[in-house]
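What follows is a short report on a single structure.
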Amino acid sequence: MDLIIGKGPLLSERTTLRLGGRALAEVSVGSEAGFDRLAGELARLGGRPLVLGWGSNLLAKDGELDLLLVRPQFEQGPEVVGEVQGKILVRCGAGVRLPLLLGWAARHGLSGLEGLAGIPGSVGGAVAMNAGSYGVSFCQTMTRARIWTPERGLVWLAPDGYDCAYRHFKPRHHGESGLFIVTEVELVLTSGTSEAVRSVMRANLARKKASQPITLATAGCVYKNPEGNSAGRLLDQAGFRGRRLGGMGFSELHANFLANYGGGTSGQALELLEEAWAKVLDLFGVSLELEVKVVG
């Protein structure tokens, strides 16, 4: 499969928050040859490109959306490809689901990703938002990323070719369009035992289950933690734990998780987020920054 163009789906069917209207079209890229046509097809179809993996960090607006969904389907690996200074070099396609990568690492006794246990989404999405928890972020283990841009085509980028920060990833010098697609990554992991890696992953997952609504339809944490503080704590102190509006609401378990309890709308979600942001600013003088990506 090089390039497949399909009718625009509902974003509510492509995101874990189960919200969003209909996109113009969906373009799936499954090989390097597909990129030869991609820029031309995007120009022909019109609309704004949105690179979408498993949709686990998105809040899509309602209605007819001027969006072209670009779906990378690079699902090769994970596989060991060598050693670097006594550590294990692993290569993995961006379309691989993050839980699958962690399960593979646990089976092979490879350590470094344990803090990501319980985070949904794809490897490409983990790069794009520098996903992390429990003191671990995806970029910490990444030595290279293969990225496509309309201006430069496919290139491997070392750490000096991109910027990584808290919930942030951006290639340097990647062109005026701002569009980039992660196709593949290389990670450096530490050799250990399967039992030890599994034990840490299980402990981290148990902590998440006890403190986060991972069984509900959410997009993960909606606000970034301010430096030296916790967005969840601020929202809780502002009275938003369990706050509902229609089918949407802040979780009773963790105030920084917005959940779709059934029949929720993007309008309800955005109204709750705006209300919470304003209240936290008024009470504590803190301007919360969104972690979830609002699209549409």
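The values are calculated or read from the model by the stated rules, or taken from the named source; none is laboratory data. All of these numbers come straight from a predicted model, not from anything done at the bench. We place every Cβ from the backbone using ideal geometry, glycine too, and count neighbours over all the protein chains shown.
Inspect all residues belonging to the stretch 217-228 and state whether any of them is loosely packed, with under 13 Cβ neighbours inside 10 Å, under 30 Å from GLU274 (Cα atoms), free of Cβ contacts under 8 Å to residues at least 60 places away in the same chain and not assigned by TED's automatic domain parsing to the domain that holds ARG91.
Yes, the stretch 217-228 contains at least one residue that is loosely packed, with under 13 Cβ neighbours inside 10 Å, under 30 Å from GLU274 (Cα atoms), free of Cβ contacts under 8 Å to residues at least 60 places away in the same chain and not assigned by TED's automatic domain parsing to the domain that holds ARG91.
A count restricted to the stretch 52-96 and to residues that are small (Gly, Ala, Ser), more than 14 Å from GLY8 (Cβ to Cβ) and surrounded by fewer than 17 Cβ atoms within 10 Å (Cβ to Cβ) stands at 2. State yes or no: is ALA94 of a type in the set (A, V, I, L, M, F, W, C) and either in the same structural domain as GLU186 (by TED's automatic domain parsing) or under 17 Å from LEU187 (Cβ atoms) (or both)? The answer is yes for ALA94.
Can you pull out the helices (runs of 4 or more DSSP H) entirely within the stretch 189-296 that have at least 1 residues that are farther than 28 Å from THR143 by Cα, in contact with a His (Cβ under 8 Å, 6 or more places away or on another chain) and not charged (D, E, K, R)?
Once the helices (runs of 4 or more DSSP H) in the stretch 189-296 are filtered for at least 1 residues that are farther than 28 Å from THR143 by Cα, in contact with a His (Cβ under 8 Å, 6 or more places away or on another chain) and not charged (D, E, K, R), what remains is 194-211, 231-237.
Each residue in the stretch 235-250 was checked for being within 27 Å of GLU13 (Cβ to Cβ), touching a strand residue (DSSP E or B) at 6+ places or on another chain (Cβ under 7 Å) and either surrounded by fewer than 22 Cβ atoms within 10 Å (Cβ to Cβ) or not assigned by TED's automatic domain parsing to the domain that holds TYR223 (or both), and 2 of them qualify.
Which numbered condition in (1) under 28 Å from GLN268 (Cβ atoms); (2) modelled with pLDDT of 95 or more is the only one that ARG71 fails? Unmet for ARG71, out of (1) under 28 Å from GLN268 (Cβ atoms); (2) modelled with pLDDT of 95 or more: (2). Of all the numbered requirements in (1) out of contact with any Leu (no Cβ under 6 Å at 6 or more places or on another chain); (2) surrounded by 14 or more Cβ atoms within 10 Å (Cβ to Cβ), MET142 misses one, and that requirement is (1).
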